[in-house]
Amino acid sequence: MVLTPQSSKASPSSSRRSPWCEPFDTYPRTYDLLHAAGLFSIERKRCNMTTIMLEMDRILRPGGRVYIRDTINVMSELQEIGKAMRSHTTLRETAEGPHASYRALLCEKKFEKKVKSSVNKHHTKMKKRKSKGKRV
């Protein structure tokens, strides 16, 4: 899915909320790759960047990636948001070189690890204790 400000239905001069500020209707689909080019620098006045990043994370499959190409001004905040969401983030220069006004941020959504609860651990230990006393 490509996320660009040009594909929004609201014009930049419109005073109403941008469609990027609202949840995307993607059910039942999820995505392996999302690409946002210039989205955050344009929409940051109307939308909360954290809200957009959380929505992107929601529709992204585990192991999926978000490729963001945007201005330097928003990249440090986007990198912090990505790290707070427990994504693996990498900030890179674009082909224009180190003095360009754009950077590329790659965020990879990690797989969730199942955490056993203490109740399940206790129940498993009790089963083992009971089975030790029995002869087979």
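For this structure, a couple of remarks:
- Summed over the range 71-107, residues that are among the β-branched types (Val, Ile, Thr) and out of contact with any helix residue (DSSP H, G or I) (no Cβ under 7 Å at 6 or more places or on another chain) total 3.
- When Gly63 is tested against (1) in a strand (DSSP E or B); (2) within 9 Å of the chain's Cα centre (by Cα); (3) small (Gly, Ala, Ser), only condition (2) is not met.
- Filter result for Ile72 (closer than 13 Å to Glu108 by Cα and β-branched (Val, Ile, Thr)): no
- Of all the criteria given as (1) open to solvent by less than 80 Å² (accessible area, probe 1.4 Å); (2) assigned to a loop (DSSP other than H, G, I, E, B); (3) touching a residue at least 12 places away in the same chain (Cβ under 8 Å), the one not satisfied by Pro98 is (3).
- Evaluated against (1) touching a Ser or Thr at 6+ places or on another chain (Cβ under 9 Å); (2) modelled with pLDDT of 90 or more, Lys110 falls short on exactly one condition, (2).
For every residue, the table says whether it meets (1) touching a Phe, Trp or Tyr at 6+ places or on another chain (Cβ under 9 Å); (2) open to solvent by less than 40 Å² (accessible area, probe 1.4 Å); (3) hydroxyl-bearing (Ser, Thr, Tyr).
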residue	(1), (2), (3)
Cys21	no, yes, no
Leu39	yes, yes, no
Tyr67	no, no, yes
Ala104	yes, yes, no
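- Leu78 being in a helix (DSSP H, G or I), surrounded by 15 or more Cβ atoms within 10 Å (Cβ to Cβ) and either in contact (Cβ under 8 Å) with a residue 24 or more places away in the chain or of a type in the set (S, T, N, Q) (or both): yes
The values are calculated or read from the model by the stated rules, or taken from the named source; none is laboratory data. Values in this document were obtained by computation on a predicted structure and should not be read as measured data. Every residue, glycine among them, receives a Cβ derived from its backbone with ideal geometry; neighbour counts consider all protein chains shown. What goes into the accessible areas is simple: the full protein's heavy atoms, side chains included, and nothing from ligands, DNA or RNA. Shrake-Rupley method; radii C 1.70, N 1.55, O 1.52, S 1.80 Å.
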